[in-house]
Amino acid sequence: MNNPFIYSDNNKRYHTLDYFYKHKFGSKVCKISLNAGFSCPNMDGTVGYGGCIYCSALGSGEFAGNIKDNLLKQFDDVKKIYEKKWPSAKYIGYFQARTNTYAPVKKLKKIYETILENKDVIGLNIATRPDSISDECLDYLEELNKKTYLTIELGLQTIHDKTAKLINRCCSLDTFTNMVTKLRNRNIDVVVHIINGLPYETKDDMISTIKYLNNLDIQGIKIHMLSVLKNTPLETLYKNEKFHILSKEEYIDIVINQLENLRKEIVIHRITGDPMKEDVIAPTWLIKKFCVLNDIDKRMVEKCTYQGKNLE
């Protein structure tokens, strides 16, 4: 069966990041995750305490570099591995762990531009909170965006206030939406993180989060499955309340429905979670990432569906 999806040169029926990079830069592009030692305002008391309840001690930086190594060593260690497989690849430095704009601009410049000085680096991805980008920082990001390919990744997780309070997000939907507008006014690309399977959310809740985002000027999205990790407040909540964890089949159904309600040009940077195996309490099916990805592909073919179908 021919693939009816226009942003694809393989069997994928959604707009993959690999496809986007290949057609934008004309080569393989590899992202290298980095840990620059940032903190988080939701952990140190600036906007809240304890952080989001699902967040590990590494601040979503399980696959970022070793904090004991300087940034250049973190970058070079991974680049050497990629070079063996893709000798002509280009690179993006991905500041992943915790809140990567939560510092004075002078410090941010030193950190970011250390990576930009590396050969074959064509851009930066900076993960942060919507409430942690000052006007001064915005000015600098606008300047940076003129020199390199810059993407800001914002954690939203859900549009629903009740869930946001439960997970201790400590950031309002209005703050998020306003920051998307501010970034786009400066022509900076925005990628949004969401989580499926948050405690007590229904399928309709998860679909409505996607529909809300589809009406914003965003360029990409990361779809995660909630993972209950050891030594997190979420682990305690799960043990005490035994809230429903999505099955793999439920997750696949929800993701496909979400894709059907997203504009075709929105790039799907991630479509499932990627936790460290030894830290996962539930769901255990999430550990087999490629099985989940393959099952999503197969199910979309079976349904004769693709990203954006419900918008036609």
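The values are calculated or read from the model by the stated rules, or taken from the named source; none is laboratory data. For clarity, every value in this text was computed on a predicted model and none was experimentally measured. Glycine gets a Cβ as well: all are built from the backbone with ideal geometry, and neighbour counts include every protein chain shown.
Observations, loosely collected:
- Evaluation of Y14 against (1) closer than 23 Å to Q219 by Cβ; (2) at pLDDT below 95; (3) crowded, with 22+ Cβ neighbours inside 10 Å (one fails), failing number: (2)
- Count of the range 145-159 residues, restricted to those that are surrounded by fewer than 19 Cβ atoms within 10 Å (Cβ to Cβ) and within 21 Å of the chain's Cα centre (by Cα), is 2.
- The range 52-77: number of residues that are at pLDDT 90 or above and surrounded by 17 or more Cβ atoms within 10 Å (Cβ to Cβ): 6
- Looking only at the range 11-45, and only at residues there that are of a type in the set (A, V, I, L, M) and assigned to a strand (DSSP E or B), the one that is farthest from R263 (Cα to Cα): L34
- When residues of the range 178-206 are limited to those that are among the β-branched types (V, I, T) and surrounded by 16 or more Cβ atoms within 10 Å (Cβ to Cβ), the one farthest from S227 (Cα to Cα): I188
- Yes/no for I218 being assigned to a loop (DSSP other than H, G, I, E, B), crowded, with 20+ Cβ neighbours inside 10 Å and without any contact (Cβ under 8 Å) to a residue 60 or more places away in the chain: yes
- Filter result for P275 (touching a helix residue (DSSP H, G or I) at 6+ places or on another chain (Cβ under 7 Å), surrounded by 17 or more Cβ atoms within 10 Å (Cβ to Cβ) and more than 14 Å from I221 (Cβ to Cβ)): yes
- Of all the listed residues (T151, T101, T181, T114), the sole one being at negative phi and part of a strand (DSSP E or B) is T151.
- Residue in the range 175-187 that is in contact with a helix residue (DSSP H, G or I) (Cβ under 8 Å, 6 or more places away or on another chain), closer than 24 Å to E312 by Cα and modelled with pLDDT of 95 or more present: no
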